[in-house]
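Working notes, beginning with the structure itself.
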Amino acid sequence: MQRTIALNVRELTSPKRIAVVQMDGMLDDLTTPQIEEPINGMLINDRRKDFIVDCLKLSYFNSTGLARLMHYALKLKDENGTFKFVVNPQDFIHEIMEVCGARKVLQVYKNVDDAIESYRK
């Protein structure tokens, strides 16, 4: 079975300019390089500073994928940006985040609407 990941990006302009990145598939050591070019392009070329990463459609996720996403979150935090995660609290991704201590560093929401609403506060 070939591991793949698809990104679907939509831009919101209210309450601020936010890239909502929906990930679909598997995020691991083999597919993480596939997300780097599009996300780096948004960070560098488009100068985006606010992201919501929707992980609800991921069928697999490991610590390599988490490490790469945490890298982006910390980079944006240093630049006064945000990198918010949407994760089903009953899902395996939530468990990986708990085990790795990522929840102490990352902003996690149960749905995209809650993540968007957090920008209004």
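Any read-out appearing in this document is the output of simple, stated calculations on the displayed coordinates, not a laboratory observation. Just so we're clear, the structure is a prediction, and the values are computed from it rather than from any experiment. Here the Cβ positions follow ideal geometry from the backbone for every residue, glycine too, while neighbour counts run over all protein chains shown.
A few notes on this one:
- Leading residue at positive end of dipole, the stretch 5-113 (Cβ point charges), from M23, V99, Y109: Y109
- Candidate aspartates and glutamates for bridging to K75, where Cα separation is under 17 Å - those fewer than 8 sequence places away on the same chain excluded: E36, E37, D46, D50
- Debye log10 I(q)/I(0) for the stretch 2-50, one point scatterer per Cα, at q = 0.26 Å⁻¹: -0.98
- DSSP-defined beta bridges in the chain - what % are antiparallel, rounded to 5: 35
- R120/K57 FRET efficiency (R0 22 Å; Cβ-Cβ; nearest 0.05): 0.30
- Annotation: amide H-H contacts under 5 Å for D50 (H modelled 1.01 Å from N, sequence separation of 5 or more, or interchain): A19, T82.
- Rounded to the nearest 20, the Cβ-based charge dipole of the stretch 5-113 about its Cα centre (Lys and Arg +1, Asp and Glu -1) stands at 440 debye.
- Residue-averaged 222 nm ellipticity for the chain, from DSSP H runs of 4+ at -39500 (n - 2.57), nearest 500: -11500 deg cm²/dmol
- Proximal lysines to K77, defined as alpha-carbon separation beneath 23 angstrom and excluding residues fewer than eight positions away on the same chain: K16, K49, K104, K110, K121
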